[in-house]
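S.K.: Below is the structure I would like to discuss, written out as structure tokens.
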Amino acid sequence: MVKYSTVWYKNKYKERLEKAHAYLGGRCKTCLSTVRLHRHHRNPEDKLFTVTEQLHGASWSRIVAELDKCELQCEDCHKKIHQAVCGTLPGYSRGCRCDECRKANREYMKEYRNKKQIKGNVAQLVQ
């Protein structure tokens, strides 16, 4: 037998989640999808709490204040945001092959080979 309070909290959470998504527009800001939505803080430094953890307990006005710092992103777009930024070596390492990531990889490899060559030359001088 399920306790009444457990059902009540689940229902309140679901109701608040739908209300939060509606408040943020109900669609992914990037691709306009309406499924598997996440609340993404635009600036993580301004984040006071994770909205998901406070939906059943915090006052609605407190939740709205935090939602004002967020935007809706579908799961796929949210993952892309939190992956390495394009134009960086980590972006290339994770499989991105855009021009900026390839350039970052070329520059890294050029520097790596130069360092390796310098070490090789120093080792030859020591012998």
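The values are calculated or read from the model by the stated rules, or taken from the named source; none is laboratory data. Fair warning: this is a prediction, and the values are worked out from it, not measured in the lab. For neighbour counting, all protein chains shown are included, and Cβ atoms are generated from backbone atoms with ideal geometry for every residue, glycine included.
S.K.: All but one of (1) modelled with pLDDT under 90; (2) in contact with a Ser or Thr (Cβ under 6 Å, 6 or more places away or on another chain) hold for Cys74; state the number of the condition that does not hold.
M.R.: Of everything listed in (1) modelled with pLDDT under 90; (2) in contact with a Ser or Thr (Cβ under 6 Å, 6 or more places away or on another chain), Cys74 misses just condition (1).
S.K.: Out of all the residues in the stretch 8-31, which are farther than 11 Å from Cys70 by Cα, under 17 Å from the mean Cα position of the chain (by Cα) and not polar (S, T, N, Q)?
M.R.: Correct list: Arg27, Cys28, Cys31.
S.K.: So, one more: State which residue pairs qualify: first residue closer than 16 Å to Asp76 by Cα and assigned by TED's automatic domain parsing to the domain that holds Gln73 and inside the stretch 12-35, second residue in a loop (DSSP other than H, G, I, E, B) and small (Gly, Ala, Ser) in any location, beta carbons under 7 Å apart, and separation of 6 or more residues or different chains.
M.R.: Arg27/Ser33; Thr34/Gly26
S.K.: Could I ask something else about it? Could you check the stretch 36-75 and list, in sequence order, the residues that are out of contact with any strand residue (DSSP E or B) (no Cβ under 9 Å at 6 or more places or on another chain) and touching a residue at least 24 places away in the same chain (Cβ under 8 Å)?
M.R.: Asn43, Leu55, His56, Trp60, Ile63, Val64
S.K.: Count, please, the residues in the stretch 1-11 that happen to be of a type in the set (Phe, Trp, Tyr) and either in contact (Cβ under 8 Å) with a residue 12 or more places away in the chain or assigned to a loop (DSSP other than H, G, I, E, B) (or both).
M.R.: As a first pass, look at the stretch 1-11 and keep what is of a type in the set (Phe, Trp, Tyr): 4, 8-9.
Subsequent filtering for residues that are either in contact (Cβ under 8 Å) with a residue 12 or more places away in the chain or assigned to a loop (DSSP other than H, G, I, E, B) (or both) retains 9.
Residues in the stretch 1-11 being of a type in the set (Phe, Trp, Tyr) and either in contact (Cβ under 8 Å) with a residue 12 or more places away in the chain or assigned to a loop (DSSP other than H, G, I, E, B) (or both): 1 in total.
S.K.: Let me ask something additional. Considering the stretch 50-64 alone, what residues qualify as being under 15 Å from Tyr13 (Cβ atoms) and surrounded by fewer than 15 Cβ atoms within 10 Å (Cβ to Cβ)?
M.R.: Thr50, Thr52, Glu53, Gly57, Ser59, Trp60
S.K.: Still on this model: Can Leu89 be described as aliphatic (A, V, I, L, M), modelled with pLDDT under 85 and surrounded by 10 or more Cβ atoms within 10 Å (Cβ to Cβ)? Explain how you work it out, then say what you get.
M.R.: On the way: aliphatic (A, V, I, L, M): yes; modelled with pLDDT under 85: yes; surrounded by 10 or more Cβ atoms within 10 Å (Cβ to Cβ): yes.
Spelling it out, Leu89 is indeed aliphatic (A, V, I, L, M), modelled with pLDDT under 85 and surrounded by 10 or more Cβ atoms within 10 Å (Cβ to Cβ).
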